[in-house]
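Visitor: Right, I'll just put the structure down here and ask away after.
The values are calculated or read from the model by the stated rules, or taken from the named source; none is laboratory data. Just so we're clear, the structure is a prediction, and the values are computed from it rather than from any experiment. As a convention, Cβ positions derive from the backbone with ideal geometry for all residues, glycine included, and neighbour counts pool all protein chains shown. In case anyone asks, the SASA skips ligands and DNA or RNA and just uses the protein heavy atoms, side chains included. Shrake-Rupley method; radii C 1.70, N 1.55, O 1.52, S 1.80 Å.
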Amino acid sequence: MCEATWALGSPISHRSNGRRPSAGRGAHRADTRRTSRKAIQCGVDLLAFCAVPLAGLVVYWAGGQVGRGLLVLSVLEALVVVGLAVQVVLYAGLFGSGRR
């Protein structure tokens, strides 16, 4: 082991009371409420990053007097937001996919 690794590793192990720094990951993954926490976080992410922008677009479209160019751009924006929503759900791993 090189000295730089030893010098960096020593304080980390000292702060973690002799346990490996990543030892908490197993406990986190074994938590019985993990699925519900992930679902709640996914819902919050969808609300903040997808529902709010889509609501703004709906208000814009409902306002009338939408020009053709801006309508095309706003529809493209809506498609991007829907793609983001799909990625958020997939990344959450609620259906057996995504990061674990």
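Visitor: Residue 43: under 26 Å from the mean Cα position of the chain (by Cα), part of a helix (DSSP H, G or I) and small (Gly, Ala, Ser), yes or no? Let's see the steps before the verdict.
Guide: On the way: under 26 Å from the mean Cα position of the chain (by Cα): yes; part of a helix (DSSP H, G or I): yes; small (Gly, Ala, Ser): yes.
It is true that residue 43 is under 26 Å from the mean Cα position of the chain (by Cα), part of a helix (DSSP H, G or I) and small (Gly, Ala, Ser).
Condition check ((1) surrounded by fewer than 11 Cβ atoms within 10 Å (Cβ to Cβ); (2) at pLDDT below 85; (3) out of contact with any Lys or Arg (no Cβ under 9 Å at 6 or more places or on another chain)) across all residues:
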{"residue": "1", "(1), (2), (3)": "yes, yes, yes"}
{"residue": "9", "(1), (2), (3)": "no, yes, yes"}
{"residue": "27", "(1), (2), (3)": "yes, yes, yes"}
{"residue": "35", "(1), (2), (3)": "no, no, yes"}
{"residue": "41", "(1), (2), (3)": "no, no, yes"}
{"residue": "46", "(1), (2), (3)": "no, no, yes"}
{"residue": "62", "(1), (2), (3)": "yes, no, yes"}
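Visitor: Another question, then. Could you count how many residues in segment 53-95 are assigned to a loop (DSSP other than H, G, I, E, B) and under 22 Å from the mean Cα position of the chain (by Cα)? Even if it seems obvious, please write down each step before you answer.
Guide: Our first condition is that a residue be assigned to a loop (DSSP other than H, G, I, E, B); within segment 53-95, this holds for 63-67, 93-95.
If we keep only those that are under 22 Å from the mean Cα position of the chain (by Cα) too, we end up with 93-95.
The number of residues fulfilling the criteria is 3.
Visitor: Can I ask one more? Confirm whether residue 94 is at pLDDT 95 or above and open to solvent by less than 80 Å² (accessible area, probe 1.4 Å).
Guide: Values: at pLDDT 95 or above: no; open to solvent by less than 80 Å² (accessible area, probe 1.4 Å): yes.
No: the conditions fail for residue 94.
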